[in-house]
Amino acid sequence: MFEYGWLKRVTQYDSTGKVLSDNDFANGEGTLRFKHHDGSEYITAGYKHYMRNGWYISKYPNGQVSYMQHYTNGLKDSISKEFYVDGKLENEGTYVLGKQHGVWKYYHPNGKLNYTETYKDGNEQGQVLMYNDDGTLDKEINYKDGVLHGNYKIYAENNQLAIQLNYKNGEIVSYTYEGKDGKLVTPIAVKSGKALVVGYFKNGNKSCEINFEDYIVQGVRKIYFSNGKPYIDGKRELGDEHGLKTVYHLNGNIEKQENYEYGSLHGVVKTYYENGKLKSEEHYNHGIRVGEHKFYDSNGKLTETRNYYHGVLEKVVKG
């Protein structure tokens, strides 16, 4: 409830109309508390001067913190952290007056570094190194004032360069790849932002096919392993991933199948072990986790089921 634009009261209900929490901010101060259906706290957030101040903390049903962010007068400020269900750190960074600032780090579920970013006043700056969950390089990207500028390298297995795209002030200008001597070939110009970029490994096998129109990726985007087998097969629409994207293991078996709608996961996402057994099956609605998410061991045995309601984890069942 608002009065003259100021937050005065927040009441939380479940789908049957039962009150789960009632929060009073009569003097512009207090603590917002939302609860899971079982009564455990889901969100706590401090308010002062009718604005969010102090810590905003959300929790999984098991009590483990899922997200923590400090606020100052309604703006994200200072430390920000997200965690996986098992308590491992997912990402960490800092805000200054509502804008990302400094080094941000992101981690894979196994705890290994996924990638790092550096921000200044909300804009990405400098080099971004992205890693696969086995520690090998995935991409090497460079930014200037929030746009792509410099080398953009995409890697196949074991840190082998698949393609190097060259950007200037957010626009692709050329590309190159390794010749048979292991050295980069003379950059091939991309005129007016339109080209079908085809790269090769030094062994002569095709490394990629990426189509550009109006300086952005449009249509086909394929990356190959150095043995000639497909690694990543997907499409882009206006630069965003769109439709089915398939990622393969080096042995040719499918590693992951994702469905996208203009950059957001939408529909079923399945991952597989190298032996072909199903590893996980998850469901998304425009980027939001919904329904049952099931996880299996390498023998095909169900190990865990997570139930989501519009992005909120409500229940975890082992086995």
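The values are calculated or read from the model by the stated rules, or taken from the named source; none is laboratory data. These numbers were taken from a predicted model, which means no experiment stands behind them. Note: ideal-geometry Cβ built from the backbone for every residue, glycine included; neighbour counts use all protein chains shown.
Considering the range 101-157, the qualifying strands (runs of 3 or more DSSP E), each wholly inside and each with 3 or more residues that are under 22 Å from E178 (Cβ atoms) and at pLDDT 95 or above, run over 126-131, 137-144, 147-155. Remark: E157 falls outside the filter, which requires a residue to be of a type in the set (D, E, K, R) and under 26 Å from I216 (Cβ atoms). In the range 6-30, the residue that is nearest to D77 (Cα to Cα) out of those that are of a type in the set (S, T, N, Q) and surrounded by 13 or more Cβ atoms within 10 Å (Cβ to Cβ) is N23. Within the range 168-183, restricting attention to residues that are among the hydroxyl-bearing types (S, T, Y) and closer than 29 Å to L250 by Cβ, the residue that is surrounded by the fewest Cβ atoms within 10 Å (Cβ to Cβ) is T176.
A single entry from S80, S58 fulfils the requirement of being within 17 Å of Q12 (Cβ to Cβ), part of a strand (DSSP E or B) and not aromatic (F, W, Y): S58.
Of everything in the range 237-276 that is touching a His at 6+ places or on another chain (Cβ under 6 Å) and more than 22 Å from H310 (Cβ to Cβ), the residue that is surrounded by the most Cβ atoms within 10 Å (Cβ to Cβ) is E255.
Entry remark, the range 83-100: residues being in a loop (DSSP other than H, G, I, E, B), under 21 Å from E124 (Cβ atoms) and of a type in the set (D, E) number 0 in total. Only one entry in S66, S80 is closer than 30 Å to D145 by Cβ, surrounded by 15 or more Cβ atoms within 10 Å (Cβ to Cβ) and either of a type in the set (G, A, S) or in contact with a His (Cβ under 6 Å, 6 or more places away or on another chain) (or both), namely S80. Does any residue of the range 132-152 turn out to be surrounded by 14 or more Cβ atoms within 10 Å (Cβ to Cβ), out of contact with any strand residue (DSSP E or B) (no Cβ under 6 Å at 6 or more places or on another chain) and touching a residue at least 40 places away in the same chain (Cβ under 8 Å)? Checked the range 132-152: no residue is surrounded by 14 or more Cβ atoms within 10 Å (Cβ to Cβ), out of contact with any strand residue (DSSP E or B) (no Cβ under 6 Å at 6 or more places or on another chain) and touching a residue at least 40 places away in the same chain (Cβ under 8 Å). Please identify the pairs in which a residue from the range 1-15 that is free of Cβ contacts under 8 Å to residues at least 24 places away in the same chain has its Cβ atom under 7 Å from the Cβ atom of a residue that is of a type in the set (S, T, N, Q), counting only partners at least 6 apart or on another chain. Partner pairs satisfying both residue conditions: R9/N23; V10/N23; Q12/S21. Given the structure, is K222 more than 28 Å from the chain's Cα centre (by Cα) and either within 30 Å of Y262 (Cβ to Cβ) or part of a loop (DSSP other than H, G, I, E, B) (or both)? So K222 fails the test. Only one of the listed residues (E171, E157) is under 30 Å from Y273 (Cα atoms), among the acidic types (D, E) and touching a residue at least 40 places away in the same chain (Cβ under 8 Å). That residue is E157.
For T44, are the conditions met, namely being surrounded by 15 or more Cβ atoms within 10 Å (Cβ to Cβ), within 16 Å of the chain's Cα centre (by Cα), assigned to a strand (DSSP E or B) and at negative phi? Considered against the rule, which asks whether it is surrounded by 15 or more Cβ atoms within 10 Å (Cβ to Cβ), within 16 Å of the chain's Cα centre (by Cα), assigned to a strand (DSSP E or B) and at negative phi, T44 comes out as no.
Here D181 fulfils each of the conditions (1) part of a strand (DSSP E or B); (2) free of Cβ contacts under 8 Å to residues at least 24 places away in the same chain apart from (1).
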